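Taken together, the values in this text are just the output of simple stated rules run on the coordinates, not laboratory data. Keep in mind that what you see is a predicted model, and the values were worked out from it rather than measured. We place every Cβ from the backbone using ideal geometry, glycine too, and count neighbours over all the protein chains shown.
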Ligand SMILES: [Zn+2]
């Protein structure tokens, strides 16, 4: 049984606890046929090549359309924030982002 005089200070402490800031509103990604058209536009724009490999002077077939700055980090769903990546680059980038997200580190 909990005594009222011990419950009251705990209740006050709990209500005085600062709440974590609310996550920023995430942009909704395009889905369905609009998403398919968007990804196809990015594939054509990027000539079907992985853009991260291209920066390193490597030619690799791009497979996945990726958000350069993830939506959860405040990135836009506009095509200027998208690029084509090979599966290896996409997996490496996603793993690094997941680690940053877990630690609360922001991506810039
Ligand atoms: Zn690549």
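The C-beta contact set for region 31-46 (first residue closer than 18 Å to residue 68 by Cβ, second residue in a helix (DSSP H, G or I), distance under 9 angstrom, 6+ apart or interchain) comprises 38/79; 41/79; 42/79; 45/79; 46/54. In region 80-92, the residues that are free of Cβ contacts under 8 Å to residues at least 60 places away in the same chain reach residues that are more than 10 Å from the ligand (Cβ to nearest atom) and assigned to a helix (DSSP H, G or I) with C-beta atoms within less than 6 angstrom, at least six apart or across chains, in these pairs: 82/42; 84/42; 84/43.
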